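Student: Can you read through this structure? Questions will come right after.
We did not get these values from a lab; they are worked out from the coordinates using the rules stated. These figures come from a predicted structure and were not determined experimentally. Cβ coordinates were reconstructed from backbone atoms using ideal geometry, including for glycine residues, and neighbour counts include every protein chain displayed.
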Amino acid sequence: MNRILNILMGSVLVATLAQEASAQWNVARFNSTPNRAYTMFGLDPSLVTTVGYARVLPIMGHNVQLYGDGALAGGKLDTHDFRARLGAQSSIVRWRSVQLVGSATFLTRGTSNTTYDGLNFGADFTGSLGVYRQSWFSAAEFGFDKAIVTHITHSDWYRNNYYADAKDGWYMTGGGTFHYGFAAGVPLGRIEVSARAGWVQTEDFNDLTPPMYGSLGVGFGF
């Protein structure tokens, strides 16, 4: 009973602040502006506002975008529901304007509610295949977000009303989510606008509520 309830709570933590795409800017423009400050807002699957910074560096013959950002969930930017990310993104394979882009991201996220306080460490791996040109890009994407380890502290309300013997501590069974959809963007001078939309499912291929994601991002190159 205790194990099932905590697996469920860990899965809810993943869903609360699931993967919103990495700094998915046009890799064809990495040479034009190596620095980017960006912000994103969207449904993923709750309302999430993200602010971050990215820098492109040459690593082993590839232009690699290293990025870090922070996000708060909800229209009121509730600091009890947060996410922080560090990641890297680069073109892996290229044929003319067609490129396969990969990203790897380390995530820290947390939530606090009447049932429990949760802190999770996880990772996301995403691949995007599409056309990347200086004036626009459009790509299909597929990724997996895994909650590697989650710490749960149950509330007194939960113990009094549901399960008095609930155990606090670290759990390795938080679950994960698949996300797949499309991304596109266009530059407006040094500003780049990108949009994403798609679907998200648990690692057992069950739908979340809502079962889709969508976001709009604006990046400022310098």
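Student: Given the residues Tyr116, Tyr67, Tyr132, which is the only one that is in contact with a strand residue (DSSP E or B) (Cβ under 6 Å, 6 or more places away or on another chain) and under 30 Å from Asn161 (Cβ atoms)?
Tutor: On the way: Tyr67 fails: under 30 Å from Asn161 (Cβ atoms); Tyr132 fails: under 30 Å from Asn161 (Cβ atoms).
After ruling out the rest, the residue left standing is Tyr116.
Student: I want to confirm something. Restricting to region 144-156 and keeping residues that are of a type outside the set (D, E, K, R) and in contact (Cβ under 8 Å) with a residue 40 or more places away in the chain, which single residue is nearest to Ala28 (Cα to Cα)?
Tutor: First, the residues of region 144-156 that are of a type outside the set (D, E, K, R): 144, 147-155.
After this cut, where a residue has to be in contact (Cβ under 8 Å) with a residue 40 or more places away in the chain as well, the list is 144, 147, 150, 152, 155.
Numbers: Phe144: 24, Ala147: 31, Thr150: 37, Ile152: 42, Ser155: 49 Å.
The qualifying residue nearest to Ala28 (Cα to Cα) is Phe144.
Student: Residues in region 183-218 that are among the acidic types (Asp, Glu), outside any loop (DSSP other than H, G, I, E, B) and either farther than 30 Å from Ser135 by Cβ or free of Cβ contacts under 8 Å to residues at least 40 places away in the same chain (or both): how many?
Tutor: Filtering region 183-218 down to residues among the acidic types (Asp, Glu) leaves 192, 203-204, 207.
Now drop any that are not outside any loop (DSSP other than H, G, I, E, B), which leaves 192, 207.
If we keep only those that are either farther than 30 Å from Ser135 by Cβ or free of Cβ contacts under 8 Å to residues at least 40 places away in the same chain (or both) as well, we get 207.
Here the count works out to 1.
Student: Shifting gears a bit: Considering Asp165, Asp145, which residue is among the acidic types (Asp, Glu) and more than 24 Å from Tyr53 (Cα to Cα)?
Tutor: Details: Asp145 fails: more than 24 Å from Tyr53 (Cα to Cα).
Within the list Asp165, Asp145, the selection yields Asp165.
Student: Looking only at residues that are surrounded by 11 or more Cβ atoms within 10 Å (Cβ to Cβ) and in a loop (DSSP other than H, G, I, E, B) in region 148-173, which one is nearest to the chain's Cα centre (by Cα)?
Tutor: That would be Thr173.
Student: What pairs come out if I take residues in region 115-143 that are under 30 Å from Trp170 (Cα atoms) and pair them with residues that are surrounded by fewer than 14 Cβ atoms within 10 Å (Cβ to Cβ) whose C-beta lies under 7 Å away, six or more apart or interchain?
Tutor: Pairs that qualify, where the first residue is under 30 Å from Trp170 (Cα atoms) and the partner is surrounded by fewer than 14 Cβ atoms within 10 Å (Cβ to Cβ), are Tyr116/Thr153; Asp117/Thr153; Phe121/Ile148; Gly122/Ile148; Ala123/Ile148.
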